[in-house]
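Read through the structure below, which is laid out as structure tokens, and then see the notes.
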Amino acid sequence: MQVNTAPAPALAVSLSARRSGPLKGRVRPPGDKSISHRALILGLLSVGETRIEGLLEGDDVLRTGAACRALGASIERTGEGSWRVRGRGIGALRTPAETLDFGNAGTGSRLMMGVVGGNGILARFDGDASLRKRPMRRILDPLVLMGAEVKTQTEGGRCPILLQGTQEPAPIEYRTPVASAQIKSAILLAALNSPGQTIVIEREASRDHTEKMLAYFGAEVVSEREGDGGRRISLKGRPELAPAPIVVPADPSSSAFPLVAALIVPGSDIIIEGMMMNPLRTGLLITLQEMGARIDVLDRRSEGGEDVADLRVRASDLRGVDVPAARAPSMIDEYPILAIAASFASGETRMRGLAELRVKESDRLEAVAAGLATNGVAYTIDGDDLMVSGMGSAARGNGLVATHLDHRIAMSFLVMGLASERAVSVDDERIIETSFPTFRALMTSLGAEFA
Ligand code: S3P
């Protein structure tokens, strides 16, 4: 195997957020990251032209675009958020000449492992120091069952990984070990080139964007309830995927930052436009409403096959709640920002069943805990549960938070700073570029103060 070194990180750029006046105004957060990755990938796998509006132009998604190009798609930006993909079709992908460098993108790399695994091509996957720590066995195991071969990997199934796909993936029935849309999606994407019927069973339902988009492109995919809250998804292989226009709704995971900021900065009153309301993504909204958040859901409508709505969010007196483990898949990326909201509540918030947070862009349980501690907020970790002691509007801040190449840690603690007596700093803001390149400008337009 070639010798590899992760790209040397350029100098970190710290950023502070300080107590701000009431947040006011209307904003539209960027396009959903999960849907943006999938739109490019399905564009690659269909023959003809896929038009995408509202694509998230963050680094993670651009890396997926580069990988799709390396596999033979032609991809063109025709305007802000407007992209055109000319695909190659299932089974007709090109072997990439270079390593597929996914940077920080866990979703992009894992979904593309599914694509490569189910096509007879060889590709090398790599990324930044964060991606190199993330477990990939969960993706590789089912792909190997389907006939793919892991030629080389780094200890413990980590990147860099050299994967040889198979041109005739075996249809499998697979129970995912954790409720993960990434595992499910990797299998379904590989199964597109399979001569039979592939079934994925998950104990708890994870986000369903892959299934929905595959059906929208003409695949025969059926999702049925399984047990208590689980799903059984079956896909018939070798469909003719027909390109269909995609409109990407605003990302609920990015919307969470202005949303919580408006709840905790006194006097705030904002509108968040076009947020996706897919029920497998709205766990944070439900939790905040249970905490007493004043959120009005306005103008519910359907856009591009997803339910969306505008949210009016007003500063609120929050109270601590107990968040059940079963809700985790529908808000898995929102726990860092929920921990910030919880610290401004009265009473304790208990968040249950957070084991998966340990294998995100950073160990988010540790990163959140350390950030709370350095800013004077008390917490306890009990197994996989996090308890945050709410301290209402009492003084906090003055901490420098280590972001560990994790965009959501950076944005969460900057939001904390907007309502804290003393400023909150993060050690590196550049990583925000991966999912929310307009974060600072959008927050500043509402009245947030950064330095
Ligand atoms: C994602 C699935 C989730 C989530 C990630 C995006 C997706 O990961 O944390 O940010 O787009 O499929 P898991 O599938 O590992 O839960």
Q: Considering each of ARG110, ARG134, ARG124 in turn, give the residue that is basic (Lys, Arg), over 17 Å from the mean Cα position of the chain (by Cα) and not assigned by TED's automatic domain parsing to the domain that holds ASP406.
A: ARG124
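Conditions tested, residue by residue: (1) touching a strand residue (DSSP E or B) at 6+ places or on another chain (Cβ under 6 Å); (2) more than 27 Å from PRO29 (Cα to Cα).
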site	(1), (2)
SER346	yes, yes
GLU356	no, no
ALA378	yes, yes
GLY383	no, yes
MET391	no, yes
VAL401	yes, no
ASP406	no, no
PHE413	yes, no
ASP428	no, no
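Residue by residue, here is whether (1) within 17 Å of the chain's Cα centre (by Cα); (2) within 20 Å of VAL377 (Cα to Cα) holds:
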residue: VAL321; (1), (2): no, yes
residue: ALA345; (1), (2): no, yes
residue: GLU361; (1), (2): yes, no
residue: ARG364; (1), (2): yes, yes
Q) Is it true that some residue in region 144-156 is touching an Asp or Glu at 6+ places or on another chain (Cβ under 6 Å) and either over 30 Å from ARG281 (Cα atoms) or in a helix (DSSP H, G or I) (or both)? A) no
Q) Restricted to region 370-394, and to residues that are touching a residue at least 12 places away in the same chain (Cβ under 8 Å) and among the polar types (S, T, N, Q), which residue is surrounded by the fewest Cβ atoms within 10 Å (Cβ to Cβ)? A) SER393
Q | Set ARG350, ARG327: member being within 16 Å of the ligand (Cβ to nearest atom), among the basic types (Lys, Arg) and assigned by TED's automatic domain parsing to the domain that holds ILE432 | A | ARG327
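Quick check on this structure: which one of THR95, THR152, THR99 is in contact with a Leu (Cβ under 6 Å, 6 or more places away or on another chain), over 27 Å from GLY218 (Cβ atoms) and hydroxyl-bearing (Ser, Thr, Tyr)? Write out each step before concluding.
Details: THR95 fails: over 27 Å from GLY218 (Cβ atoms); THR99 fails: in contact with a Leu (Cβ under 6 Å, 6 or more places away or on another chain).
Sole residue among the options that is in contact with a Leu (Cβ under 6 Å, 6 or more places away or on another chain), over 27 Å from GLY218 (Cβ atoms) and hydroxyl-bearing (Ser, Thr, Tyr): THR152.
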Q. Only one of (1) part of a helix (DSSP H, G or I); (2) among the acidic types (Asp, Glu); (3) closer than 25 Å to ASP59 by Cβ is not met by ASP141, so which one is it?
A. (3)
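Take VAL150 and tell me if it is within 16 Å of the ligand (Cβ to nearest atom) and either surrounded by fewer than 24 Cβ atoms within 10 Å (Cβ to Cβ) or modelled with pLDDT of 95 or more (or both). Give the derivation first.
Working: within 16 Å of the ligand (Cβ to nearest atom): no; either surrounded by fewer than 24 Cβ atoms within 10 Å (Cβ to Cβ) or modelled with pLDDT of 95 or more (or both): yes.
No: the conditions fail for VAL150.
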Q.
Among the numbered criteria (1) under 30 Å from PRO245 (Cα atoms); (2) within 14 Å of the ligand (Cβ to nearest atom); (3) modelled with pLDDT of 95 or more, which one does GLU306 miss?
A. (3)
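For region 251-358, list the strands (runs of 3 or more DSSP E) that sit wholly inside it and hold at least 3 residues that are surrounded by fewer than 20 Cβ atoms within 10 Å (Cβ to Cβ), touching a residue at least 60 places away in the same chain (Cβ under 8 Å) and among the aromatic types (Phe, Trp, Tyr); which are they? Spell out the reasoning first.
Working: elements: 269-276, 294-303, 306-314, 346-351.
Once the strands (runs of 3 or more DSSP E) in region 251-358 are filtered for at least 3 residues that are surrounded by fewer than 20 Cβ atoms within 10 Å (Cβ to Cβ), touching a residue at least 60 places away in the same chain (Cβ under 8 Å) and among the aromatic types (Phe, Trp, Tyr), nothing remains.
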**Q.** Residue within region 154-162 that is touching a residue at least 60 places away in the same chain (Cβ under 8 Å) and of a type in the set (Lys, Arg) present
**A.** no
Q) Got a number for residues in region 199-227 being more than 22 Å from MET277 (Cβ to Cβ), out of contact with any strand residue (DSSP E or B) (no Cβ under 8 Å at 6 or more places or on another chain) and within 15 Å of the ligand (Cβ to nearest atom)? A) 0
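For region 395-432, name all the residues that are of a type in the set (Asp, Glu) and surrounded by fewer than 18 Cβ atoms within 10 Å (Cβ to Cβ).
Selection gives GLU421, ASP427.
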Q: For region 96-120, name all the residues that are within 16 Å of the ligand (Cβ to nearest atom) and not in a helix (DSSP H, G or I).
A: PHE102, GLY103, ASN104, ALA105
Q.
Taking the condition of being surrounded by 15 or more Cβ atoms within 10 Å (Cβ to Cβ) and either without any contact (Cβ under 8 Å) to a residue 24 or more places away in the chain or part of a strand (DSSP E or B) (or both), how many residues in region 163-175 meet it?
A. 3
Q) For region 287-331, how many residues are in contact with a Pro (Cβ under 6 Å, 6 or more places away or on another chain) and more than 21 Å from VAL248 (Cβ to Cβ)? A) 1
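Within region 176-198, how many residues are surrounded by fewer than 20 Cβ atoms within 10 Å (Cβ to Cβ) and away from the ligand (no atom under 15 Å from the Cβ)?
Let us first name the residues in region 176-198 that are surrounded by fewer than 20 Cβ atoms within 10 Å (Cβ to Cβ), namely 177-178, 195-197.
Checking which are away from the ligand (no atom under 15 Å from the Cβ) leaves us with 195-197.
Of the residues in region 176-198, 3 are surrounded by fewer than 20 Cβ atoms within 10 Å (Cβ to Cβ) and away from the ligand (no atom under 15 Å from the Cβ).
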Q) Going through region 228-250 one residue at a time, which ones are surrounded by fewer than 21 Cβ atoms within 10 Å (Cβ to Cβ), out of contact with any strand residue (DSSP E or B) (no Cβ under 9 Å at 6 or more places or on another chain) and either under 15 Å from LEU284 (Cα atoms) or touching a residue at least 12 places away in the same chain (Cβ under 8 Å) (or both)? A) GLY229, ARG238, GLU240, ALA242
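The values are calculated or read from the model by the stated rules, or taken from the named source; none is laboratory data. Note that the coordinates shown come from a computational prediction; the quantities given were computed from them, not determined experimentally. Ideal geometry is used to build each Cβ from the backbone, glycine not excepted, and the neighbour counts take in all protein chains shown.
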